[in-house]
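Input: a single structure, listed below in structure tokens.
Nothing in this text is a laboratory measurement; each read-out follows from the coordinates by a stated rule. What you see is a predicted model; the values in this text were computed from it and never measured. Quick reminder, even Gly has a Cβ in these numbers, built from the backbone with ideal geometry, and neighbours come from all protein chains shown.
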């Protein structure tokens, strides 16, 4: 019998192998959706992922949440804070991805709700922002349902295989 129970939790350094594998898969399957490239990420040592998932008191607004089904990481989303004094009240949502075999089950929504709940609990954090590739109606719709509003579009923000893609900028006030 297959266990379809989904568990959401903060990712930790022990999750680095699973995180790295899912991240590389996301970057390879949807290169236009991410600013990072699979090739560049594949060259980074595992220690980079371990460090990224580690708790750091100096960077309290940095974390990743994973969705696990049957013990396997099938989705993730992260938050990256800004730490210059004039920007500390802002953080950026990064790396939302749900594996195709887990898509259509509300995991994107669940991951975003978990991220928002944690973000709202962090002292001093007042606003979140993100970018989404133009022409991604499902992703942009999810973010809009979570309360994010479009504030601008950067044409030709990324170039993938010689083709330019615009990035839609969205923001959400937490307080």
field: Modelled FRET efficiency - R0 30 Å, residue 163 with residue 59, Cβ distances, 0.05 increments
entry: 0.30
- prompt: Tell me, what are the semi-axes, in whole angstrom and largest first, of the equivalent ellipsoid of the chain as set by the roots of 5 times the Cα gyration tensor eigenvalues?
  reply: 22, 21, 18
Chain lengthening between residue 92 and residue 151 when straightened (0.36 nm per residue, less Cα-Cα): 19.8 nm
statement: Checked the range 72-114 against the a/c 1.5 cut and the a/b vs b/c comparison, axes a ≥ b ≥ c from its Cα gyration tensor; verdict prolate
- request: Could you list the residues of the range 22-48 with an amide nitrogen less than 13 Å from a label point located 7 Å from the Cα of residue 72 in the Cα-to-C-beta direction?
  value: 22
message: Suppose each label sits 7 Å from its Cα in the direction of the beta carbon; what would the residue 103-residue 175 distance come out to in nanometres?
response: 3.8
field: Cβ-based exposure ranking for 7, 92, 133, in which fewest neighbours within 10 Å come first
entry: 7, 92, 133
field: Of all DSSP beta bridges in the range 6-173, antiparallel share, percent nearest 5
entry: 90
